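These notes are about the structure you will find just below.
All of the numbers you see were taken from the coordinates with simple rules; none came from a lab. Because the structure is a prediction, the values reported are computed rather than measured. Neighbour counts run over all protein chains shown; Cβ positions are idealised from the backbone, glycine included.
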Amino acid sequence: MSKPVILWFRNDLRLADNPALAAAAETKAPIIALYIFDDPLMGAASKSWLHHSLKKLSEDIDLTIRAGDAQDVLNDIIKETGAETVFWNRLYEPDSIARDTKIKKDLKDAGIDAQSFKGNVLFEPWDIKPYKVFTPYYKACLAQDHLIGAPVKAPKKLNIKKLKSDTLNLVPARKWDKGFYKVWEPGEGGAYSRAQYFVEDLMGHYKADRDRPDKDGTSRMSPHLHFGEISVRNLWAMAGPHAGSAAYLRQLIWREFSIQLLYNNPKLAMQPLQEKFARFPWIKNKTYMSAWQRGMTGYPIIDAGMRQLWQTGWMHNRVRMVVASFLVKHLLQSWQDGEAWFGDTLVDADLANNAASWQWVAGSGADAAPYFRVFNPILQGEKFDPAGKYVREFCPELKDVPDKFIHKPWESGLKLDYPAPIIEHSAGRARALDALAQMKNNQV
């Protein structure tokens with residue numbers, strides 16, 4: 001009987017278009033389908049999603065789950081089973097690269113065949129030359145779309161060898177209210193259901209509706225992509241032939257842009273890409289930070305977004321930009337603190353996307369919005385949630401406020417159980433611009 005091979009699942013919790021799984025199946029050997037939990041710093045929301053995703057995957061394949069240092073677990077299973085080959089799909093975060101590089105070298109030195117594959121991106125970060133401006137990167141990707149390749153179907157038959165699993169204590173990582181379960185269906189089946197619904201029913205209006213949090217106008221595929229319940233290549237192929245796909249495919253390349261930024265700038269989540277922002281005069285204010293986190297700033301579009309995040313583990317992308325701008329400009333809290341909160345509370349907490357996006361808003365990143373562009377939270381609400389539908393969903397204490405005042409309820413004359421604005425908009429904007437001037441004048 002042939003010796004088993006190890007298929008190491010990571011952020012690729014699916015059977016379809018999984019190159020590592022396909023390679024393992026081609027060996028005809030018994031496959032140890034292994035997931036190793038080795039990230040004690042994973043955010044609470046991500047842990048909850050992972051719990052459900054692993055549960056769904058275990059319904060489709062006899063999954064072996066272990067916890068501990070990845071290299072130690074692999075070595076233990078190799079000793080236990082005599083496996084001589086390990087397959088996995090590549091990851092691109094700095095810690096993952098360092099870990100996987102060492103594991104591959106040590107396995108090969110020990111006579112174990114270690115093979116890795118492109119399973120989580122459209123383009124390898126080294127396939128496209130580094131860019132810090134999106135548009136030329138986007139054009140370069142389109143010019144080399146032949147590198148994407150066609151999705152691979154799930155193997156028809158798998159010979160799985162299941163081993164004893166550890167019990168993971170991932171849930172309750174936090175106590176979700178009904179909002180999470182109303183919005184999400186983790187797992188490969190849920191990913192494909194949502195993708196099909198978006199592509200067939202929503203994508204034609206995506207360009208017009210994507211900035212409207214009061215509408216179901218975005219794909220909501222980000223957590224499914226992060227955990228690899230659907231491959232970005234499969235999503236690209238599903239969306240491509242449909243009307244209105246160009247705007248959405250552009251967003252998938254934004255995801256690639258963030259990945260290559262992190263790959264080429266490993267400290268992206270810790271240090272500003274533009275060095276001058278290292279001397280920006282951020283302040284530390286626990287009252288500001290707490291009000292922002294709890295959705296109690298007194299600005300309805302901000303508070304609705306932060307409550308949506310807490311209740312569902314996700315926030316509409318337009319609102320993410322507005323709440324991030326408010327934190328780093330009106331409140332002068334550092335983007336690193338905002339990035340850390342999102343990292344803990346988002347089910348789609350992706351290091352590359354999260355860090356690149358926060359730096360974009362803060363003005364310190366690649367192709368960034370200039371810091372002096374300060375979103376007015378009242379006008380943003382009026383423009384993108386004109387009737388206040390989104391605000392009323394997550395701030396029910398404002399349900400009786402007329403549309404005219406829904407984004408400035410302090411002018412309504414009503415007695416409300418809702419806080420006054422934590423800072424007046426013009427004062428916050430002026431303070432932000434003063435801080436920018438201090439940085440430019442080297443006064444800090």
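The simple spin-label model puts a point 7 Å past each Cα toward its Cβ; for Arg279 and Ser2 those points are separated by 6.3 nm.
Full extension of the chain between Asn441 and Asp109 gives 114.1 nm of extra length, using 0.36 nm per residue less the Cα-Cα distance. Multiplying the residue separation of Lys28 and Gln251 by 0.36 nm and subtracting their alpha-carbon distance yields 76.5 nm.
Which one of His242, His52, His407 has the biggest mean-square fluctuation once the chain is modelled by GNM with Cα springs under 10 Å? Residue with maximal mean-square fluctuation among His242, His52, His407: His242.
Helix 245-264 and the longest principal axis of the Cα set of the chain meet at an angle near 80°. Size descriptors for region 338-399: radius of gyration and Dmax over Cα atoms are 14.6, 40 Å. Protection proxy ranking, highest mean first, for peptides 199-205, 2-8: 2-8, 199-205, where packing is the per-residue count of other beta-carbon atoms within 10 Å, averaged. Each residue of region 31-47 was assigned a 3J(HN,Hα) from its phi angle through the Karplus expression (A = 6.51, B = -1.76, C = 1.60, θ = phi - 60°), giving 10, 8, 7, 10, 10, 10, 8, 9, 10, x, 8, 4, x, 4, 5, 5, 4 Hz with x at Gly and Pro.
Counted by neighbouring Cβ atoms within 10 Å, the residues Val401, Val323, Val183 run from fewest to most as Val183, Val401, Val323. Could you compute how fast region 152-301 diffuses translationally, taking Rh as the Kirkwood radius over C-alpha pairs and applying Stokes-Einstein at 10 °C with viscosity 1.306 mPa s? Give it in µm² per second. For these conditions, the coefficient is 81 µm²/s. Could you work out how far the C-alpha centroid of region 366-403 sits from that of region 295-321, in angstrom? When both Cα centres are located, 9 Å separates them.
Going from the residue with the fewest nearby Cβ atoms within 10 Å to the one with the most, Ile301, Ile32 rank Ile32, Ile301.
Overall dimensions of region 84-191, expressed as equivalent-ellipsoid semi-axes from the Cα gyration tensor (√(5λ), whole Å, largest first), are 29, 26, 18.
What is the magnitude of the charge dipole of region 275-440 about its Cα centre, with +1 placed on the Cβ of each Lys and Arg, -1 on the Cβ of each Asp and Glu, and no other charges, expressed in debye to the nearest 20? The calculation lands at about 400 debye. Among the GluC sites (Glu not before Pro) in region 343-444, those placed in a DSSP loop whose Cβ has at most 12 other Cβ atoms within 10 Å are Glu424. The distance between label points at Tyr418 and Leu41 comes to 3.9 nm (points 7 Å beyond Cα on the Cα→Cβ vector).
Over all directions, the projected convex hull of the C-alpha atoms in region 5-120 averages 6.9 nm² in area. Semi-axes of the equivalent ellipsoid of region 275-440 are 26, 18, 13 Å, computed as sqrt(5λ) over the eigenvalues of the C-alpha gyration tensor in descending order. For the listed peptides 274-282, 113-121, a ranking on the average number of other beta carbons within 10 Å per residue, highest first, reads 113-121, 274-282. For a modelled paramagnetic label at Ala154, 7 Å from Cα along Cα-to-Cβ, the residues of region 216-239 in reach, with backbone nitrogen under 13 Å, are 229-231.
Each Lys and Arg adds +1 at its Cβ and each Asp and Glu adds -1 at its Cβ; summed about the Cα centre, the chain shows a dipole of about 480 debye.
Within region 296-383, the trypsin sites (Lys or Arg not before Pro) that combine a DSSP coil assignment with at most 13 other C-beta atoms in a 10 angstrom radius are Arg373. For region 424-443, the residues whose amide N sits under 16 Å from a probe point set 7 Å from the Cα of Glu411 along the beta carbon direction are 424-427.
Between the labelled values [x] 41, 24, 21; [y] 85, 30, 21; [z] 64, 32, 20, the entry that holds semi-axes √(5λ) of the Cα gyration tensor in Å as derived from this structure is [x]. Per residue of the chain, the DSSP helices (runs of n ≥ 4 H) give a summed -39500 (n - 2.57) that works out to -13500 deg cm²/dmol at 222 nm.
What do you get for the angle between helix 70-81 and the principal long axis of the chain? Use alpha-carbon atoms, 0 to 90 degrees, nearest ten. The two axes meet at around 20 degrees. Each peptide in 140-150, 85-95 gets a packing score, the mean of other Cβ atoms within 10 Å over its residues, and the list from highest to lowest is 85-95, 140-150.
Scanning residues 5 or more positions from Ile32 or on other chains, those with amide H under 5 Å from its amide H are Val5, Ile6, Leu7, Lys161, with H placed 1.01 Å from N in the peptide plane.
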